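A short write-up of the structure that comes next.
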Amino acid sequence: MRKIIVVGSGVIGLGCALFFALEGERVQVITRNPEEPASWVAGGMLAPFSEELEGELFQFSYESLKEYPEFIRFLEEASKKRVDFREGGIYRLVLKGEEEVLERSRAYARAGYGVEWVEPWSYLSEEVLSVVHYKEEAWVDTESLMDALFSALRRLGVNFTIDNIKGLVMEGKEVKNLRGNASDYRGDFYLFAPGAWARELFDLPVYPVKGQAIKVKGADLERVHYSSSSYLIPRMGYLYIGATSEEVGFTPGNTLEGLRRLCEMAMRVVPSLGESSLMGMLYGYRPTTPDGKPIFEVGENYLILTGHHRNGILHTPMTAKLALDYLKGSRNKFLEAFSKDRFLKKT
Ligand SMILES: Cc1cc2nc3c(=O)[nH]c(=O)nc-3n(C[C@H](O)[C@H](O)[C@H](O)COP(=O)(O)OP(=O)(O)OC[C@H]3O[C@@H](n4cnc5c(N)ncnc54)[C@H](O)[C@@H]3O)c2cc1C
């Protein structure tokens, strides 16, 4: 049995740790702060169509979406907890002047994906021209997802260590051990999933894009309402409204300006949301790359998986599958597609 060290306790690190542990590997997760990850605050939309992803990023995302029901099934079994995962599609609201969104939905339909068009309901503002129902999309409450991942890993005997990894001791292309604030760590294989903080450890073009979101009470929607202005996500007992997109480094906290924008953007599509009461505010840092695609870096005895930007929750099953395949000796095509070499080639 090998000892695998996973650095990072976001959805990517924990998802990979789960796949390794279920395979019978000995896993240690090292994280400097289990509450720090973007993964706890994400909206949890699994929405490659609404996000209008293209090319390899669309393919990777779509394959991951298709893996989700199975991923949730074995996560619930391993954790003995229920995950609030909802299928049946997402409503993409088309605002006035956004005819290209409708055109794209027709292209998806022509390609054979599940798309239908519905008349806007009376509670939507006059700015909403049309509603596209992307029937294959889904969403997951990320708090219940993260909670189940932690529970499953504990039940499977995974060891959790709180420490800040400051550096790697390398011998050629192999990681010999990790230097932490509290201790050094040695394993047979290392999986790095440090999210937006990747640059602290590696020479990779990853930077944070801050997102603020709010939770409100008193609004009841059947499905996610996604628009270019905001997204409204129904969860058990409240509505999640997201999200800002700010290049302000790791500036902490929610701001009044963020709150104003979120409220305005949400009321622009559903005016009655003005009556809802504010329950809470959240913020986190998307791990972003210059082209918005993930970065997968392969070493002799390690993998770096980061840069999932706006879609890390969606990408979790495929990313974990690809990591497990690699450990078993096979290379998924997406390892090459999302290698950091794509940035070297351009310079
Ligand atoms: C407001 C908002 C809304 C979002 N909505 C969606 C959505 O609807 N759908 C979707 O798919 N995605 C969404 N995302 C994106 C998604 O949250 C991220 O892509 C995903 O969470 C990234 O996961 P990760 O595991 O790579 O990083 P994180 O979740 O950030 O985890 C990184 C972990 O690494 C640890 N770490 C970093 N450096 C070190 C170190 N040196 N030593 C020890 N530990 C370290 C951190 O403490 C943390 O535990 C959203 C993001 C935000 C902010």
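Coordinate-derived values only; no laboratory data. As the structure is a computational prediction, the values presented were derived from the model and not from experiment. With ideal geometry, Cβ positions are generated from the backbone for all residues, glycine too; neighbour counts draw on all protein chains shown.
Give me log10 I(q)/I(0) at q = 0.07, 0.09, 0.10 Å⁻¹ for the chain, Debye formula, one equal scatterer per alpha-carbon, no solvent.
The computed values of log10 I(q)/I(0) come out as -0.29, -0.49, -0.60.
What number, in percent, do you get for the relative contact order of the chain if the mean sequence gap of Cα pairs under 8 Å and at least 6 apart is divided by its residue count? Don't jump to the answer; show the numbers that get you there.
Numbers: 727 pairs, mean separation 80.7, N = 347.
Contact order relative to length: 23 percent.
Treating the stretch 1-72 as a set of equal point scatterers at the Cα positions, no solvent, please give the Debye-formula log₁₀ I(q)/I(0) at q = 0.16, 0.20, 0.21, 0.24 Å⁻¹.
After summing over all Cα pairs, the log10 values are -0.73, -0.98, -1.02, -1.10.
Which residue, Ser230, Ser79, Ser276, tops the fluctuation ranking in a GNM of the chain built on C-alpha contacts under 10 Å?
Residue with maximal mean-square fluctuation among Ser230, Ser79, Ser276: Ser276.
Answer rounded, prolate or oblate for the stretch 102-153, using the Cα gyration tensor with square roots of eigenvalues a ≥ b ≥ c: rounded when a/c is under 1.5, else prolate when a/b is larger than b/c, else oblate. Mind showing how you got there, number by number?
Details: a/c = 4.37, a/b = 1.78, b/c = 2.45.
Oblate.
Where does the charge balance sit around Gly157 when Lys and Arg score +1, Asp and Glu -1, over other residues with C-beta under 14 Å from its C-beta? Walk me through the intermediate numbers first.
Details: positive: Lys3, Arg26, Arg154, Arg155; negative: Glu23, Glu25.
Computed value for this residue: +2.
Could you please rank His309, His133, His315, His225, placing first whichever residue has the fewest other Cβ atoms within 10 Å of its Cβ? List each step's numbers first, then the result.
Values: His309 20, His133 17, His315 27, His225 24.
Ordered from fewest to most neighbouring Cβ atoms within 10 Å, His309, His133, His315, His225 come out as His133, His309, His225, His315.
With +1 assigned to the C-beta of every Lys and Arg and -1 to the C-beta of every Asp and Glu, and no other charges, what is the dipole magnitude of the chain about the Cα centre in debye, to the nearest 20? Please report the intermediate quantities before stating the final value.
Values: 43 positive and 48 negative charges, 182 e Å.
That gives a dipole near 880 debye.
Specify which residue in the list Gly218, Trp197, Met281 is farthest towards the positive end of the charge dipole of the chain, using unit charges on the beta carbon of Lys, Arg (+1) and Asp, Glu (-1), about the Cα centre.
So the residue furthest toward the plus end is Trp197.
Relative to the first principal axis of the alpha-carbon coordinates of the chain, what is the inclination of helix 256-269, with its axis defined by its Cα atoms, in degrees from 0 to 90 and to the nearest 10?
50 degrees
Tally the DSSP beta bridges in the chain and give the antiparallel ones as a percent, rounded to 5. Intermediate values should be presented prior to the final figure.
On the way: 49 of 67 bridges.
Percent antiparallel among DSSP bridges in the chain is about 75.
Percent of Cα-Cα pairs per 10 Å bin, from 0 to the last occupied bin, for the stretch 1-124, please list those.
10, 31, 31, 18, 9, 1
When Lys and Arg each count +1 and Asp and Glu each count -1, what net charge do the other residues less than 9 Å away from Ser50, Cβ to Cβ, add up to? Don't jump to the answer; show the numbers that get you there.
Numbers: positive: Arg92; negative: Glu51, Glu52, Glu137.
Within the 9 Å Cβ shell, the charges total -2.
Relative to the longest principal axis of the C-alpha atoms of the chain, give the angle of the C-alpha long axis of helix 11-22, reported between 0 and 90° and rounded to the nearest 10°.
60 degrees
Please report Rg over Rh for the stretch 55-164, where both radii come from the alpha carbon positions and Rh follows the Kirkwood definition. Can you show the working numbers first?
Numbers: Rg = 18.6 Å, Rh = 16.7 Å.
With Rh from the inverse mean 1/r over Cα pairs, Rg/Rh is 1.12.
So what are the radius of gyration and Dmax for the Cα set of the stretch 219-347, in Å?
Reported Rg and Dmax, both Å: 18.9, 56.
Highest GNM mean-square fluctuation, the chain, Cα pairs closer than 10 Å: which of Ala107, Ala198, Ala219?
Comparing Ala107, Ala198, Ala219 in a Gaussian network model of the chain, the most mobile one is Ala107.
Compute the acute angle (0 to 90°) between the alpha-carbon long axis of helix 55-79 and the principal axis of greatest extent of the alpha-carbon atoms of the chain; round to the nearest 10°.
For helix 55-79, the angle is close to 80 degrees.
Top mean-square fluctuation among Thr142, Thr161, Thr31, Gaussian network model of the chain, C-alpha springs under 10 Å?
The residue that fluctuates most here is Thr161.
For Phe160, Phe192, what's the fewest-to-most ordering of other Cβ within 10 Å of each Cβ? List each step's numbers first, then the result.
On the way: Phe160 16, Phe192 26.
In order of increasing Cβ crowding within 10 Å: Phe160, Phe192.
For Met279, Met1, what's the fewest-to-most ordering of other Cβ within 10 Å of each Cβ? Intermediate results must be reported in sequence, preceding the final value.
Details: Met279 14, Met1 8.
Taking fewest neighbouring Cβ atoms as first place, the list is Met1, Met279.
After finding the eigenvalues of the alpha carbon gyration tensor for the stretch 273-324, what semi-axes result from the square roots of 5 times each, listed largest first in whole Å?
Values: eigenvalues 212, 31, 19 Å².
Over the Cα atoms of the stretch 273-324, the ellipsoid semi-axes are 33, 13, 10 Å.
I need the P(r) histogram for the stretch 125-190: all alpha carbon pairs, bin width 5 Å from 0 out to the longest distance, whole percents.
3, 12, 12, 11, 12, 12, 9, 7, 6, 6, 6, 4, 0
Helix-only estimate, please: 222 nm mean residue ellipticity of the chain, summing -39500 (n - 2.57) across DSSP H runs of length 4 or more and dividing by its residues, to the nearest 500.
Numbers: 8 runs with 104 residues, N = 347.
The helix-only estimate for the chain comes to -9500 deg cm²/dmol at 222 nm.
Where does the stretch 174-264 land on Rg(C-alpha)/(2.2 N^0.38 Å)? Walk me through the numbers on the way to the answer.
Working: Rg = 19.0 Å, N = 91, 2.2 N^0.38 = 12.2 Å.
Cα-based Rg divided by the globular estimate yields 1.56.
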